[in-house]
Every structure is written in C-alpha cells, then in structure tokens.
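Please read the structure below before turning to the comments.
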Amino acid sequence: MREFVRLASPAIALLNPEGTTLLEASKAFIAALGEPLELVGKSVGQFGPADWADGCSRAAAGEVVKSESEYTQSGGQVGWLRWTAQPCPSGVM
C-alpha cells in the first residue's frame, strides 16, 4: 500500500489507523502543501490546514470527512485545499 501511495499521480496520503501520523505521501500531496519532503512520520497536526487533525481522527472512527480549508504554506503563500479523509477497509487511512 505504501508503494502505491508513494508512486500515485494524485495527491494522496496514508495515515496510521488512528489518523494521527503520516505514514506515506505521494509527490503531488507534498507539492500541494508546498512543504519539504520530510513529512513522513509527523503528526497530522504539524502540517496542513488546522482542521486536518480533527477530520482525520473522525475518519479513523469510520466517518467520511470532506472539507475545503485555507492553508498557509511554509513559504507564506496562502491557498485553498479541497480534501477528503476516509477509512480504508484495511483499517489504514
């Protein structure tokens, strides 16, 4: 699953079953955030829009969460991200 995520063309990420830690991310996901590549292993609350941590925790509990969030990249650029968090059948988001 991690290899699939890493090589995927769309912006996707794989989180731990609790929805709290980034396990893997596609290059498009990293580029959309405008962040350095060292995001793997970090808490969801350490990067991305402020409402991601809550949304990912809710998805880990079985809910499909869709939102649009304003986000300030590390370089200071402000943009909007449309995102969805949902549980996978394997229990890994």
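The values are calculated or read from the model by the stated rules, or taken from the named source; none is laboratory data. Just so it is clear, the model here is predicted, and its values are computed rather than measured. All Cβ positions, glycine included, derive from the backbone under ideal geometry; neighbour counts span all protein chains shown. Surface accessibility is based on the protein's heavy atoms, side chains included, excluding ligands, DNA and RNA. Shrake-Rupley method; radii C 1.70, N 1.55, O 1.52, S 1.80 Å.
Pairing residues of the range 5-31 that are farther than 14 Å from residue 83 by Cα with residues that are open to solvent by less than 70 Å² (accessible area, probe 1.4 Å) and among the acidic types (Asp, Glu), at Cβ distances under 7 Å and at least 6 apart in sequence or on separate chains, gives 5/24; 6/24.
For residue 38, the criteria (1) touching a residue at least 12 places away in the same chain (Cβ under 8 Å); (2) in a loop (DSSP other than H, G, I, E, B) hold in every case but one, which is (1). Residue 2 falls short on exactly one of the conditions (1) within 11 Å of the chain's Cα centre (by Cα); (2) surrounded by 12 or more Cβ atoms within 10 Å (Cβ to Cβ), and that condition is (1).
If you go through the range 6-21 and keep only what is of a type in the set (A, V, I, L, M, F, W, C) and either surrounded by fewer than 16 Cβ atoms within 10 Å (Cβ to Cβ) or in contact with a Cys (Cβ under 8 Å, 6 or more places away or on another chain) (or both), you end up with 7, 12, 15. A count restricted to the range 62-85 and to residues that are surrounded by 10 or more Cβ atoms within 10 Å (Cβ to Cβ) and outside any strand (DSSP E or B) stands at 4. Would you confirm whether any residue within the range 45-57 is part of a loop (DSSP other than H, G, I, E, B) and open to solvent by 40 Å² or more (accessible area, probe 1.4 Å)? Yes, the range 45-57 has at least one match. For residue 29, the conditions (1) touching a strand residue (DSSP E or B) at 6+ places or on another chain (Cβ under 9 Å); (2) not acidic (Asp, Glu); (3) not in a helix (DSSP H, G or I) are fulfilled apart from (3).
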